[in-house]
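No value in this document is a laboratory result; all are computed from the given coordinates. Predicted model only: the values in this text are computed from it and were never measured. Note that we place each Cβ from the backbone using ideal geometry, even for glycine, and neighbour counts take in every protein chain shown.
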Amino acid sequence: MSTSIKVEEVDKKEFERLQSELTLKFGMEITQQELFSRIIKLVGDSEEVIINECPLPLSGGEIEKIRNLQSDWGVITSEEEIDEILYDK
């Protein structure tokens, strides 16, 4: 079954560039369908890639999902400690 999706022009060009680069590297043509399937499998194996790239701002439902993941570990952390961890200060 074949289905089409709408793709931004800039993304289409990047996809075609990647397809060409892989074709040159491996010396055999890879179809866009094969490339798309491989990308989906790769992303499926590490869903964190998509989660880390989710668009902002988050919807109310998305914020609630994130808040539901939070739990109190009983450790008090200062703002300075958070800055040090996040920004290596």
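Here are the numbers:
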{"read-out": "Candidate lysines - alpha carbon under 25 Å from LYS25, same-chain residues fewer than 8 apart omitted", "value": "LYS12, LYS13, LYS41"}
{"read-out": "Residues whose placed amide H lies under 5 Å from that of ILE30, excluding near-sequence neighbours", "value": "THR23"}
{"read-out": "Helical segments meeting 15 Å axial Cα length and Kyte-Doolittle -1.0 threshold in the chain (DSSP H)", "value": "9-26, 32-45"}
{"read-out": "Sites matching GluC sites (Glu not before Pro) across the range 5-70 that sit in DSSP coil, with at most 12 neighbouring C-beta atoms within 10 Å", "value": "GLU8, GLU29, GLU47, GLU53"}
{"read-out": "LYS25/SER4 FRET efficiency (R0 22 Å; Cβ-Cβ; nearest 0.05)", "value": "0.20"}
{"read-out": "Label-point separation in nm, ARG67 to LEU86, each point 7 Å along Cα→Cβ", "value": "1.8 nm"}
{"read-out": "The chain - charge dipole about Cα centre, Lys and Arg +1 at Cβ, Asp and Glu -1, debye rounded to 20", "value": "640 debye"}
{"read-out": "DSSP-loop trypsin sites (Lys or Arg not before Pro) across the range 1-69, with at most 16 other Cβ within 10 angstrom", "value": "LYS6"}
{"read-out": "Quarter of Cα convex hull surface for the chain, i.e. mean projection, nm²", "value": "10.5 nm²"}
{"read-out": "Low-density loop positions, chymotrypsin sites (Phe, Trp or Tyr not before Pro), the chain - DSSP coil, at most 12 other Cβ in 10 Å", "value": "TRP73"}
{"read-out": "Value of [θ]222 nm, deg cm²/dmol, for the chain, DSSP H segments ≥ 4, -39500 (n - 2.57) each, nearest 500", "value": "-19000 deg cm²/dmol"}
{"read-out": "R0 of 22 Å, Cβ-Cβ distance LEU18-SER46: FRET efficiency to nearest 0.05", "value": "0.80"}
